[in-house]
Amino acid sequence: MKRLYLSETDKKWAGVCGGIAEYFAVDPTLVRLIWVVLTIFSVGFGGIIAYLIAMAVIPKPPIHQQREGI
């Protein structure tokens, strides 16, 4: 079963966008650009609050997956 985790290998701040990109198998830069554009169009607060909530809700990967690079 496929699970969404914070990225440990492709993160700029907390790994939210990297984790979303890994989950959907897309380029993390594309996810970051979409997130920035949506944040700008929501006058900033919506995207920032959503990022903070995602950072708190999305779990870190289990230790065995971190070592294996899965």
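The values are calculated or read from the model by the stated rules, or taken from the named source; none is laboratory data. All values derive from a computational prediction rather than experimental measurement. So basically every Cβ, Gly included, is an ideal-geometry build from the backbone, and we count neighbours across all protein chains shown.
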Original post:
If you scan the stretch 41-68, which residues turn out to be surrounded by fewer than 12 Cβ atoms within 10 Å (Cβ to Cβ), at pLDDT 90 or above and not in a helix (DSSP H, G or I)?
Top reply: PRO59
Original post:
Among the residues of the stretch 5-12, is there at least one that is of a type in the set (A, V, I, L, M, F, W, C), at pLDDT below 90 and under 12 Å from the mean Cα position of the chain (by Cα)?
Top reply: yes
Original post:
Restricting attention to the stretch 1-40, which residues are within 16 Å of ILE58 (Cα to Cα), assigned to a helix (DSSP H, G or I) and either in contact (Cβ under 8 Å) with a residue 40 or more places away in the chain or charged (D, E, K, R) (or both)?
Top reply: VAL16, GLU22
Original post:
Restricting attention to the stretch 13-40, which residues are aliphatic (A, V, I, L, M), more than 12 Å from MET55 (Cβ to Cβ) and either surrounded by 12 or more Cβ atoms within 10 Å (Cβ to Cβ) or more than 13 Å from the chain's Cα centre (by Cα) (or both)?
Top reply: ALA21, VAL26, LEU30, VAL31, LEU33, ILE34, VAL36, VAL37, LEU38, ILE40
Original post:
If the Cβ limit is 7 Å and pairs must be 6+ apart or interchain, which residue in the stretch 50-61 that is of a type in the set (Gly, Ala, Ser) pairs with which residue that is in a helix (DSSP H, G or I) and at pLDDT 90 or above?
Top reply: ALA54/VAL16
